[in-house]
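What follows is a set of notes on a single structure, which appears directly below.
The values are calculated or read from the model by the stated rules, or taken from the named source; none is laboratory data. Keep in mind that what you see is a predicted model, and the values were worked out from it rather than measured. Here the Cβ is made from the backbone with ideal geometry for all residues, glycine too, and neighbour counts use every protein chain on show.
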Amino acid sequence: MTREEGASVVAVMAAMALVVLDAGLVNVALPVIARALPAAPAHAILAVSVYQTALVIGLLPSAHIAERLGYKRVFLAGLGVFSAASILCGFAPTLELLVLARALQGLGGAGVMALGIALLRFALGSERMGRAIGWNALNVALCSAAGPIVGALILALAPWPWLFFAKLPLIAVALAASLALPPVPPDRGTIDYMGIVLHAAVAGLFLGAAGLATAGSGWAILPACLSAGFALVLIHREQMRDAPLWPIDLLAQRAFRISIIASVCCFVAQSVGVLALPFYLQLGLGYGPVGAGLVMTCWPLTVAVTSSVASLLAERFGSARLCVVGGVMLSAGLLLTALWPVAGSIVPLAMGASMSGLGFGLFQVPNNRTMLLSAPPERSGAAGGMQGSARLAGQTVGALVTGLLLAGAPAAVAPRIGLALGAIFAIAAALVSAAEISPPARASADGSNGNVSMGEIG
């Protein structure tokens, strides 16, 4: 690996770490922030929800703009906006200004998430993309596990603004290393401003409907219908464009379409699992925060370990086959956690969480590999945007399902139902992935054995 390639990997990994760490750092600090600003706890949650909303809204437009202006330029702009907004967060004197700065953080983070892996494809070449995806999955898993722990340590030593200031050294590393990222020539097409507005309306209304539905409000049907209407208008417009904001051209490809559907299903399962399991441990089984934390830590740590080898396994056995195994293991882990008769021992629950993390890690890396490599290089940004959108859509649906269960069923029973539903979504992800396994009869004339279909990119 050359010096420029190494610097490109450092730039993308550091930038991704900033975006992922930020969510965990702020989540654990919400009660402290609510007391310090001051604000009601329900209002303080806006500091988290607005960040997620801005990420969802910004992913596909960031990829669209990057194809017109250049990947490196938009990635650097996103990283710069995220960095500046982090400093603004630390100096925010009121919750309103903090929420505004968090929205800017989300928009900047969207540019990083949509374009990071796409830039590595140009820096390293498609033949090494699988390993880069594995590195990124390992990076994300470790940062997800470390975020709450690091946030708690910072709060034990310093006031809450240092949650944002403490990231400045990592920001400096990411900005400096990003100068080595390869320039990708833009296509010089025009930016679809109306499409961006329609996309923002669709995403914002969808998330608003999800929030209202979770709160049990019947008004959720109104933004849901409006979101669907705007989506139909946008799809009609996008069908007439060569490189659409919503990548309908990529979704027409079987391998890409299957990987997106499977990804949404898997992230629904993952979201339901990580949200329902703490409620089950604390409300249903009576474990304290320490016991629940120990069990929950098993999940991201197992994902991190598995992600480090999943790319090599995908190269040997095929991406689709590994996705099937991962989906089945995730389903088995969720079912084990939901159905195992626990009698004073926390070990079976830790085993279920570990099995779930193992399955998720085995699924995520090969699925992303298929998704990103099935797209042509010039549409790598759009593929990256869809990858992030599929993840956030699945997590949003998972949170909605969990919220509805907690609102409509007894607290001791609802999490177990949620875990069982998560297992069903995981099996759905495995079945969808299985559709891309090539039978031996489809062997090609050059002697390949069918493991080299688009779904078996390796």
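Structure notes:
- Odd one out for Leu372 among (1) among the hydrophobic types (A, V, I, L, M, F, W, C); (2) in contact (Cβ under 8 Å) with a residue 60 or more places away in the chain; (3) surrounded by fewer than 24 Cβ atoms within 10 Å (Cβ to Cβ): (3)
- Residues of the range 279-296 that turn out to be closer than 12 Å to Leu349 by Cβ and touching a residue at least 24 places away in the same chain (Cβ under 8 Å), as a count: 9
- Some residue of the range 332-341 being in the same structural domain as Ala412 (by TED's automatic domain parsing) and at pLDDT below 80: yes
- Subset of the range 1-17 that is in a helix (DSSP H, G or I) and out of contact with any helix residue (DSSP H, G or I) (no Cβ under 6 Å at 6 or more places or on another chain) - its residue that is nearest to Gln105 (Cα to Cα): Val9
- For Pro415: the one exception among (1) touching a helix residue (DSSP H, G or I) at 6+ places or on another chain (Cβ under 9 Å); (2) in a loop (DSSP other than H, G, I, E, B); (3) more than 30 Å from Pro186 (Cα to Cα): (2)
- Taking the range 21-43 as the range and being within 23 Å of Val81 (Cβ to Cβ) and small (Gly, Ala, Ser) as the test, the residues that pass are Ala23, Gly24, Ala29.
- Failed item in (1) within 25 Å of Arg131 (Cβ to Cβ); (2) at pLDDT below 85; (3) buried (at least 20 other Cβ atoms within 10 Å of the Cβ), with Ser308 passing the rest: (3)
- Count of residues meeting criterion [farther than 16 Å from Gly385 by Cβ, at pLDDT below 95, touching a helix residue (DSSP H, G or I) at 6+ places or on another chain (Cβ under 7 Å) and of a type outside the set (A, V, I, L, M, F, W, C)] in the range 224-257: 3
- Among the residues of the range 195-204, those that are over 11 Å from Pro61 (Cα atoms) and modelled with pLDDT of 95 or more comprise Ala201, Val202.
- Residue check, Leu313 out of contact with any Cys (no Cβ under 9 Å at 6 or more places or on another chain), assigned by TED's automatic domain parsing to the domain that holds Ala382, within 21 Å of Ser433 (Cβ to Cβ) and not small (Gly, Ala, Ser): yes
- Members of the range 253-294 found to be within 22 Å of the chain's Cα centre (by Cα) and of a type in the set (Gly, Ala, Ser), listed by number: Ala255, Ser259, Ala262, Ser263, Ala269, Ser271, Gly273, Ala276, Gly293
- Restricting the first member to the range 215-241 and to residues that are at positive phi, and the second to residues that are among the small types (Gly, Ala, Ser) and part of a helix (DSSP H, G or I), the beta-carbon pairs closer than 6 Å and six or more apart or on different chains are Gly216/Ala407.
- Filter result for Ala262 (assigned to a helix (DSSP H, G or I), in contact with a helix residue (DSSP H, G or I) (Cβ under 7 Å, 6 or more places away or on another chain), closer than 30 Å to Ser345 by Cβ and assigned by TED's automatic domain parsing to the domain that holds Ala430): no
- Total residues in the range 328-378 satisfying the condition of being in a loop (DSSP other than H, G, I, E, B) and of a type in the set (Phe, Trp, Tyr): the figure is 1.
- Any hit, the range 355-362, residues being in contact with a Gly (Cβ under 6 Å, 6 or more places away or on another chain), within 12 Å of Ala310 (Cβ to Cβ) and of a type in the set (A, V, I, L, M, F, W, C): yes
- Qualifying residue in the range 381-398 (condition: among the polar types (S, T, N, Q), modelled with pLDDT of 90 or more, part of a helix (DSSP H, G or I) and crowded, with 18+ Cβ neighbours inside 10 Å): yes
- All told, Ser217 falls short of being surrounded by 19 or more Cβ atoms within 10 Å (Cβ to Cβ) and polar (S, T, N, Q).
- All conditions but one from (1) at pLDDT 90 or above; (2) surrounded by fewer than 17 Cβ atoms within 10 Å (Cβ to Cβ); (3) not β-branched (Val, Ile, Thr) apply to Cys323; the one that does not is (2).
- Number of the exception - Arg128 against (1) over 20 Å from Leu313 (Cβ atoms); (2) surrounded by fewer than 23 Cβ atoms within 10 Å (Cβ to Cβ): (1)
- The residue list Ile154, Ile133, Ile171 contains one member that is surrounded by 23 or more Cβ atoms within 10 Å (Cβ to Cβ), assigned by TED's automatic domain parsing to the domain that holds Leu30 and either within 16 Å of Leu55 (Cα to Cα) or in contact (Cβ under 8 Å) with a residue 12 or more places away in the chain (or both), which is Ile133.
- Test: residue in the range 180-188 that is over 20 Å from Gly398 (Cα atoms) and among the small types (Gly, Ala, Ser): yes
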